[in-house]
C-alpha cells in the first residue's frame, strides 16, 4: 500500500483510468445446520441432499464505491475471469486498473494473453502473495 499502490494511483490519474479491487467468494449450501429429534433411545436420522449446491460471486469495487459483480454457478476459472473482465471494461467507458489476489485463474496463460491484447483498456495488478 505504501510503495506500489501510490504508483498505480498516479498512473490511473494520468491515464484517466478507474481503479477496481477484485475478488471472489463462494457460498456453499451445507446440511450442518440440520437438527432433529427422535424418541428416547433411538438415534435421530437426518436426511441431507446428496449433491452440494453453491454459488460463487465475483466482484470489483472502485475507490469511488462503484460495484460490479456477477453470480456464477461454478468455481471461478480462467474463462469466467475473462468474461467478467470483458464486461467490466465494456461497462466502464474508461481504462480499468484491476487489483487482484493470486488465484490461479488470474494468472492463467490464456488470461495473460487476453490482457496483453487489451493493454489500452485494462491492466491487472496483483497483491503480494
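Values in this text are rule-based calculations from the coordinates and carry no lab data. Just so it is clear, the structure is predicted and the values come from calculations on it, not from any experiment. Cβ atoms come from the backbone with ideal geometry, glycine included; neighbour counts cover every protein chain shown.
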Order of 112, 56 - criterion: other Cβ atoms within 10 Å of each residue's Cβ, fewest first: 112, 56
Taking Cα atoms, the helix 4-14 axis meets the longest principal axis of the chain at an angle in degrees (rounded to 10) of 60
Over the chain, what is the relative contact order in percent, taking alpha-carbon pairs closer than 8 angstrom and at least six residues apart? 25
Ranked 95, 87, criterion: other C-beta atoms within 10 Å, fewest first: 87, 95
Compute the helix-to-body angle for 78-92: its Cα long axis versus the longest principal axis of the chain, expressed 0 to 90° and rounded to tens. 50
Spacing of the two label points (7 Å from each Cα toward its C-beta) at residue 26 and residue 94, in nm: 3.6
